[in-house]
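Input: a single structure, listed below in structure tokens.
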Amino acid sequence: MKQSQLIFKTKKENILDESINANLLIKASFVKKLMSGVYSYLPLGNMVLRNIESIIREEMNKLGSQEILMPALHPKEPWEKTKRWELKEMFKIRDKEYGLGWTHEEIVVPLAKEAAFSKKDFPFSLYQIQTKFRNELRAKSGVLRGIEFLMKDLYSFHVLEKDLDVFYEKVKKSYFNIFKKCGLEKKTFLTLASGGTFSKYSHEFQTITEAGEDQIYLCEKCSLAINKEIIKQEKYQCPKCKNKKLTVKKAIEVGNIFKLYDKYTKPFNFKISDKYVFMGCYGLGISRLMGAIVEICHDEKGIIWPEQISPFNIHLISIGKVKKQADKLYQVLQKKGNKVLYDDRDKNTGEKLVEADLIGLPIRIIISEKTLQKNCIEIKKRDEKTIKLQKYNR
RNA sequence: CGGGGUAUAGUGUAACGGUAGCACGAGUCUUUUGGGAAGAUUUAGUCUCGGUUCAAAUCCGAGUACCCCGACCA
């Protein structure tokens with residue numbers, strides 16, 4: 001894509017009173033804040049979301065899960081069955097007869113019940129990538145905590161409890177594959193959290209960052225983390241290896257998985273051979289992941305996108321009067337299968353370089369009169385300081 | 001949802017109850033072209049509703065929005 005055609009341009013001014021992710025994403029025009037906790041995703045930001053989605057889809061499909069898309073607009077009745085209609089998370093609209101979905105157990109359980117009648121149908125799982133609405137009265141921290149946000153939610157159904165256990169463990173692994181591709185693997189920890197009334201533990205996936213709103217207690221021995229709720233029950237020791245030296249860190253919860261057992265299959269009377277179906281749910285905040293990536297992957301100059309997340313892999317920048325040669329190089333790079341953002345604008349060099357660092361694509365290629373004199377182009381990785389010259393015959 | 005604060009142009013700010021100004025940004029043109037360059041020129045604002053007053057950005061009331069602390073959450 002030619003940068004001259006990018007409608008939303010980077011901003012020079014810093015945004016005050018905002019988190020790092022909001023400042024950088026707004027400044028580089030990946031997002032635009034519409035109101036507190038609600039953002040528009042502009043072309044570059046939208047590309048990032050799509051990239052995160054495709055990483056997730058790949059992993060979900062490996063789990064054998066099938067993708068569906070449920071409505072965001074829900075009727076009151078199923079929520080009354082589970083006694084969750086009155087929870088504060090629900091945005092109620094149209095004389096409070098409809099609600100905007102903040103999770104989808106109430107919709108997916110009746111859906112699954114209609115489809116699965118015999119033991120042969122099990123186990124199975126369904127997932128969706130969809131906009132959720134959650135009536136947080138205090139949205140903050142940029143895209144880390146929206147009242148409207150993009151989420152992947154996966155629901156699994158099992159006749160046997162041990163099948164639920166097996167699937168649950170598979171999801172854990174699959175989530176770590178996702179975090180790895182998102183460049184968050186070193187900072188993201190499996191965290192023990194309360195399972196609510198129906199199981200001892202659930203698991204959160206917490207990414208360590210100063211922007212995080214949670215505190216986790218990290219066991220350096222077995223890299224398990226424990227959240228605030230659990231730490232008191234466990235008397236300040238690691239439940240796994242009994243280590244008492246725990247480090248407190250600020251973190252953001254990017255995912256949460258629960259064994260729900262029959263909590264939601266019971267109210268909807270979803271049974272196979274007279275026993276309630278076992279269920280698990282597995283959430284992953286996609287827009288929140290985007291924010292977490294920015295919080296982790298940036299320097300004082302701007303964002304440093306991990307390869308698989310970046311909207312483009314190459315930022316081609318022309319300096320000076322080399323339009324013909326640069327246009328040609330743009331074509332050549334694309335033909336080799338690269339996704340290229342081509343800064344073809346007639347702008348001051350400094351501005352182009354500063355903007356490139358801000359936007360944060362993994363590889364920067366410069367073509368200028370200077371490099372062409374040596375029959376070269378200049379290649380620099382965003383996360384490295386060294387500049388390499390590479391032979392290039394125009 | 002509890003507590004506190006703020007509201008003037010895209011952003012940041014100024015104006016005693018008496019002419020809404022400055023800087024940055026953005027647009028156009030020219031020059032410049034290896035780290036947000038220079039000149040010329042243009043653009044745009046008092047959150048909403050009500051009250052007090054000869055006169056309100058300024059004082060008062062209500063609403064709304066935003067920010068901060070807490071609670072909750074992907």
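The values are calculated or read from the model by the stated rules, or taken from the named source; none is laboratory data. On a predicted model such as this, the values are computed, not experimentally measured, just so you know. Heads up, the Cβs are rebuilt from the backbone with ideal geometry, glycines too, and the neighbour counts pull from every protein chain shown.
Summary of values
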| read-out | value |
| --- | --- |
| All positions within region A:169-204 that are at positive phi and out of contact with any Pro (no Cβ under 7 Å at 6 or more places or on another chain) | A:G196 |
| Members of region A:106-139 that are charged (D, E, K, R) and touching a helix residue (DSSP H, G or I) at 6+ places or on another chain (Cβ under 9 Å) | A:E106, A:D121 |
| Qualifying residues in region A:286-333 (those that are free of Cβ contacts under 8 Å to residues at least 60 places away in the same chain and of a type in the set (A, V, I, L, M)) - the one nearest to A:K187 (Cα to Cα) | A:I314 |
| Test: A:G291 is in contact with a strand residue (DSSP E or B) (Cβ under 6 Å, 6 or more places away or on another chain) and more than 30 Å from A:K119 (Cα to Cα) | no |
| Residue within region A:189-198 that is within 16 Å of RNA strand B (Cβ to nearest atom), surrounded by fewer than 20 Cβ atoms within 10 Å (Cβ to Cβ), small (G, A, S) and touching a residue at least 60 places away in the same chain (Cβ under 8 Å) present | yes |
| Any hit, region A:85-96, residues being within 30 Å of A:K173 (Cβ to Cβ), out of contact with any helix residue (DSSP H, G or I) (no Cβ under 8 Å at 6 or more places or on another chain), outside the structural domain of A:K328 (by TED's automatic domain parsing) and within 15 Å of RNA strand B (Cβ to nearest atom) | yes |
| Region A:135-156, residues that are within 19 Å of A:A251 (Cβ to Cβ) and more than 8 Å from RNA strand B (Cβ to nearest atom) | A:G142 |
| Any hit, region A:69-88, residues being modelled with pLDDT of 90 or more, under 30 Å from A:K339 (Cβ atoms) and not hydrophobic (A, V, I, L, M, F, W, C) | no |
| Test set (1) over 17 Å from A:T10 (Cα atoms); (2) more than 13 Å from RNA strand B (Cβ to nearest atom); (3) in contact with a helix residue (DSSP H, G or I) (Cβ under 6 Å, 6 or more places away or on another chain) - A:E378 fails condition number | (2) |
| Output for region A:52-77, where each listed residue is assigned to a helix (DSSP H, G or I) and either touching a Pro at 6+ places or on another chain (Cβ under 7 Å) or surrounded by fewer than 17 Cβ atoms within 10 Å (Cβ to Cβ) (or both) | A:E53, A:S54, A:R57, A:E58, A:N61, A:K62, A:E77 |
| Residues of region A:200-226 satisfying the condition of being farther than 18 Å from A:F176 by Cβ and within 14 Å of RNA strand B (Cβ to nearest atom) | A:E210, A:A211, A:G212, A:E213, A:D214, A:Q215 |
| Residue ID - surrounded by the fewest Cβ atoms within 10 Å (Cβ to Cβ), chosen from residues in region A:310-340 that are away from RNA strand B (no atom under 12 Å from the Cβ) and of a type in the set (A, V, I, L, M) | A:V332 |
| Only listed residue being of a type in the set (K, R), within 16 Å of RNA strand B (Cβ to nearest atom), assigned by TED's automatic domain parsing to the domain that holds A:L289 and modelled with pLDDT of 95 or more, chosen from A:K132, A:K172, A:K113 | A:K172 |
